[in-house]
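Notes follow once the structure below has been shown.
Read-outs throughout are calculated quantities, based only on the coordinates presented, and are distinct from any laboratory measurement. Only a predicted model underlies this, so the values are computations on that prediction, with no experimental measurement involved. Cβ coordinates were reconstructed from backbone atoms using ideal geometry, including for glycine residues, and neighbour counts include every protein chain displayed.
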Amino acid sequence: MDTPSPEQPPAAVADAATLCRELRALLPPGAVLSSPSELAPYECDGLSAYRQRPLAVVIPRCVEEVQAVLRLCSARGVPVVARGAGTGLSGGALPHAAGVLLVMARFDRILSVDPAACTARVQPGVRNLAISEAAAPHGLYYAPDPSSQIACSIGGNVAENAGGVHCLKYGLTVHNVLAAEILLMNGERLTLGGEGPDSPGYDLLALLCGSEGLLGVIVEVTVRLLARPPCARLLLATFDSPVRAGAAVASIIAAGIVPAGLEMMDGLAIRAAEAFAHAGYPTDAAALLLCELDGTEEECTGQLMRVESLLRAGGATELRVAADEAERLRLWSGRKSAFPAVGRLAPDYYCMDGSIPRSRLGDVLERIAVLSSEYGLPVANVFHAGDGNLHPLILYDAGKPGELQRTEELGEKILAFCVEVGGTITGEHGVGVEKLGAMCLQFGAAELERFHAVKEAFDPAGLLNPGKAVPTLARCAEGRRMHVHGGELPFPGIERF
Amino acid sequence: MGDADLGEQIRERIVEAHHWGRGLRIVAGGTRERPGRRVAGEELSLGAHRGILEWEPSELVLRARAGTPVLEIEAALATERQMLGFEPPRAAETATIGGAVATAQSGPRRPFAGAARDFVLGVGCIDGTGQRLGFGGRVIKNVAGYDISRLMCGAHGTLGVLLDVAIRLLPVPECEQSLVRECEPLQAMQIMNSLRSRPLPLSGAAWEAGLLRLRLEGAESAVSRAARELGGDAEADARWWQELRDQRLPFFRDARSLWRVALPPTAAPLALDAAELIDWCGAQRWLSGDVDATLVRARAAQLGGHATLCRGATDDPFHPLAPGMLALQQRLKRVFDPRRVLNPGRLYREL
């Protein structure tokens, strides 16, 4: 099970007062925060179960200031954790107790939008949605749309390789980023990728995407913009079982249709979302599909007819096409608020992020149901059905002794099953600190060693976001022993989230 | 030739080469030797390591051994109306999927559907120490661990010998229509620039020898409407696009010296003394003719891109890397191949 803190012990603990004095000498007034009340807002990211105050928070405004901070921290052996908007769901931006939290929020300028090349050059703190807003006058938009797009920043999107509900057709962040400027921990500036395709040498841009802030600090990003499709139609279908809904999804894909979005919710999630958002979902359904088709008017109309007949043939109990844009947005609102909606059903919930081959959906849901009743913990399932990314939400009460621990155990069993059927422990939220234990389920020692060595190639002293994303081999060894002995956990005194 | 798993033999060869510090020259179909520097070393052939391992049509994912011919995969996929979205070139029937991924080669669909690396979901490989490794997987969304699968794409085998690759597939579009019109290169560029921001069912935009060709693919109604909007003459025969993809047009066949220049798509024409073919809606310019390497590289860099010599005499076909970037790539090479066993020097002398 995961412990809440990053694994490596704090590097040589710097004298906080001296460090802050040195940082203040490098940066303009107000850019260094160090009092407890100033640090408090930064002690966690979107995963608030993990909290840690850093030695200091720095809020630089230009690349030269970031370089100065990195050089100082390199010289002093002080860990640095970069943070964008702080919306991440795996604790990737959790501060380091003996380190500096580098807040990139003031890098919030859109540097240029090129409507002919269909690109935008932006600073890393620019919000995801702000890019699409800036591109809108040209009929363009930035495709990846994580649920937090109103708040999350592009630098964090690149670091986590963020997804969204439309990535089945339009790809993840890695598919929509053309170039990134990064600083290595020693302050060296590098350009990865470029506006021309296929940069010479190794594809370090692909490596950067999803590297969770361990390889470099992103200081500029060039993204690809797409032409806004003139037409989008949303179809709602209900089923009397999630397995049947899963089969209907497979039939759509097998028919050669790639919907812009294809989302599924099970009964518990449907009822929670309806009570929360009043989206107009039928609350007696066991499964609900939202299928969005986009493109030209002709494409939409043709595909809509085909999808309707496939869903009918697949046993849909109700079929509804959003009549207008208002209804389309209302139907989406239920899905987009599914997490907070489910969150109201219990004092706490734990969100999983497994990815599975679509064809195994039935097996996985069945297994989750069995485990759920075994543990006496309800699980609501929200599923990016088109791309196989499953978000089981385990409902629990952290106030009840032992329930958190059982929740984590249940979660790990679900992830283990995802891996067993050929999937992965995290489809889009990242490993951060939260899934370090689960990483041991997916990778062997040889792969983990290579991951550590890749980090070392970028950051030989291991100062950039240390202890995140990749577990130590010792941790995995301990984890395996834990499984062998079962029941009693070693080190019962350690907090386990 | 039948399917066979040569993984263990390949591993043993690498273990031995690592032990003695001897270089291995990795070959599969033998069609992708260029562009690349000459590799000193014994041949390590993957040509017989072949076969489709997994393919569930409703998953749109295929996993195959690296030595499987692209044509064999495409013939299988066609039975379910699916395809490789990045259209890897097939210079000969022997061209393999592993070679396509290792050299990151993509065809005319690239600006509209994605590059080779965009379709890679996972790889099984053996690094330069003889260690078998698995990265990525066969699911579309996967952010566990660094994305080493995509790093392997385009590494020309210098970080690991690919044993198998998992690839995302695309459905074959309902219909295809090629449009052709006469125009000068500047006008062609203007048209391409105006197309990029429009929601059109485009899957190709290229210019050669006074002719701009646009390929439309998708639902029949959408394609015919777009064809009416765009104008130009319908081309009944779509062979030109296949020959462009496989680099078999006379332009390629006759080139003694062939440059590939990758540029920001809106960059001005290269205006060098050589025949030019524009692909990828402006982002890829092919040059045929004896042009001075320094001149091409300087012009490409000035326009924000880079140049690769795909045919012709040279010691360094790939665009030089800045010192800091080269040093970082050398450190990465050491992670996976500390004794420089795998295709040593194929990409750069130092890698």
- Message: Can you list, by residue number, the Cys in chain A that have no neighbouring cysteine C-beta under 4.7 Å?
- Response: A:Cys20, A:Cys44, A:Cys62, A:Cys73, A:Cys118, A:Cys152, A:Cys167, A:Cys209, A:Cys291, A:Cys351, A:Cys418
- The set of residues whose placed amide H lies less than 5 Å from the amide H of B:Ala66, leaving out same-chain residues fewer than 5 positions away, is B:Asp164, B:Val165
- Counting only C-alpha contacts under 8 Å and six or more residues apart, can you give the relative contact order of chain B as a whole percent? 19 percent
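Can you sort B:Ile14, B:Ile126 by how many other beta carbons sit within 10 Å, fewest first?
Details: B:Ile14 25, B:Ile126 21.
Ranked by crowding around the Cβ, least crowded first: B:Ile126, B:Ile14.
Rounded, prolate or oblate: pick one for chain A, where a ≥ b ≥ c are the square roots of the eigenvalues of its C-alpha gyration tensor, a/c under 1.5 means rounded, and failing that, prolate if a/b is larger than b/c, else oblate. Walk me through the intermediate numbers first.
Details: a/c = 1.93, a/b = 1.28, b/c = 1.50.
Oblate, since a/c reaches 1.5 and b/c is not below a/b.
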- Fewest Cβ neighbours within 10 Å first, please rank A:Thr191, B:Thr158 accordingly. A:Thr191, B:Thr158
- Message: Please state the shape class of the protein assembly as shown: rounded when a/c is under 1.5, otherwise prolate if a/b exceeds b/c and oblate if not, all from the C-alpha gyration tensor.
- Response: rounded
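Using the beta-carbon distance between A:Ile110 and A:Glu38 and R0 = 35 Å, what value does 1/(1 + (r/R0)^6) give for FRET efficiency, to the nearest 0.05?
Computed FRET efficiency for A:Ile110 and A:Glu38 comes out at 0.75.
Just how large is the dipole of segment A:110-227 about the Cα centre, in debye to the nearest 20, putting +1 at every Lys and Arg Cβ and -1 at every Asp and Glu Cβ? Working shown, then result.
Working: 5 positive and 11 negative charges, 43 e Å.
Computed charge dipole of segment A:110-227: roughly 200 debye.
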- Mind checking which of A:Pro347, A:Pro357, A:Val258 is farthest towards the positive end of segment A:248-383's charge dipole, using Cβ charges of +1 (Lys, Arg) and -1 (Asp, Glu) about the Cα centre? A:Pro347
- Query: Shape of chain B from its Cα gyration tensor (a ≥ b ≥ c, root eigenvalues): rounded if a/c is under 1.5, otherwise prolate when a/b > b/c, or oblate?
  - Reply: oblate
- Task: Over chain A, calculate the relative contact order: mean separation of alpha carbon pairs under 8 Å at least 6 apart, over the residue count, as a percent.
- Result: 16 percent
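With charges set only on the Cβ (+1 for Lys and Arg, -1 for Asp and Glu), what does the dipole of segment A:231-341 come to about its Cα centre, in debye to the nearest 20? Could you put the intermediate results ahead of the total?
Details: 10 positive and 15 negative charges, 55 e Å.
The dipole magnitude comes to about 260 debye.
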- Item | For segment B:97-114, 3J(HN,Hα) per residue [Karplus equation, 6.51 cos²θ - 1.76 cosθ + 1.60, θ = phi - 60°, Hz, x = Gly/Pro] | 5, x, x, 4, 6, 4, 9, 6, 9, 10, x, x, 6, 3, x, 9, 10, x
- Would you work out which of B:His156, B:Gly145, B:Cys175 lies farthest towards the positive end of the dipole of segment B:118-176? Charges go on Cβ: Lys and Arg +1, Asp and Glu -1. B:Gly145
- Message: Based on C-alpha coordinates, I'd like the Rg and Dmax of segment A:201-325, in Å.
- Response: 18.6, 56
- Computed [θ] at 222 nm, deg cm²/dmol, chain A (DSSP H ≥ 4; -39,500 (n - 2.57); rounded to nearest 500): -11000 deg cm²/dmol
- Note on the structure: For the table A:Lys435/A:Lys455; A:Lys413/A:Lys435; A:Lys468/B:Lys141; B:Lys141/B:Lys333; A:Lys169/B:Lys141, the rows whose alpha-carbon distance is greater than 22 Å are B:Lys141/B:Lys333
- Item | Distant-in-sequence amide H partners of B:Ala267 (H built 1.01 Å from N, under 5 Å) | none
- Message: If you fit an axis through the alpha-carbon atoms of helix A:473-485 and take the longest principal axis of the Cα set of chain A, what angle between them do you get, 0 to 90°, nearest 10?
- Response: 50 degrees
- Query: Using alpha-carbon positions, what is the distance between the centroids of segment A:371-409 and segment A:412-458, in Å?
  - Reply: 19 Å
- Message: In whole Hz and in residue order, list the ³J(HN,Hα) couplings for segment A:297-310 that follow from phi through the Karplus curve 6.51 cos²θ - 1.76 cosθ + 1.60, θ = phi - 60°; x for Gly and Pro.
- Response: 3, 5, 4, 4, 4, x, 5, 4, 5, 5, 5, 4, 6, 5
- Query: Which angle between 0 and 90 degrees, to the nearest 10, do you get for helix B:7-20 versus the longest principal axis of chain B when only C-alpha atoms count?
  - Reply: 70 degrees
- Determine the relative contact order of segment A:140-292: mean sequence separation of Cα pairs under 8 Å and six or more apart, normalised by residue count, in whole percent. 24 percent
- Which residues' amide hydrogens lie under 5 Å from the amide hydrogen of B:Ala144, considering only partners 5 or more residues apart or on another chain, with H built in the peptide plane? A:Thr426
- Note, ³J(HN,Hα) from phi for segment B:340-351, Karplus 6.51, -1.76, 1.60, rounded to Hz, x at Gly and Pro: 6, 8, 8, 6, x, x, 5, 7, 9, 3, 7, 9
- In debye to the nearest 20, how big a dipole does chain B give about its Cα centre with +1 on each Lys and Arg Cβ and -1 on each Asp and Glu Cβ? 1100 debye
- In the protein assembly as shown, taking the dipole from +1 charges on Lys and Arg beta carbons and -1 charges on Asp and Glu beta carbons about the Cα centre, the listed residue (B:Ile10, A:Pro29, B:Phe251) farthest towards the positive end is A:Pro29
- Give me the distance in nm between label points sitting 7 Å out from Cα along the Cα-to-Cβ direction at B:Ala75 and B:Ala313, one decimal. 4.1 nm
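Just rank A:Ser35, A:Ser132, B:Ser58, fewest to most, by other beta-carbon atoms within 10 angstrom.
Numbers: A:Ser35 9, A:Ser132 20, B:Ser58 17.
Starting with the residue having the fewest Cβ neighbours, the order is A:Ser35, B:Ser58, A:Ser132.
Summing Lys, Arg as +1 and Asp, Glu as -1, what charge do residues with Cβ under 11 Å from the Cβ of A:Arg53 carry, A:Arg53 excluded? Provide the component values of the computation, followed by the final result.
Working: positive: A:Arg51; negative: A:Glu38, A:Glu43.
Computed value for this residue: -1.
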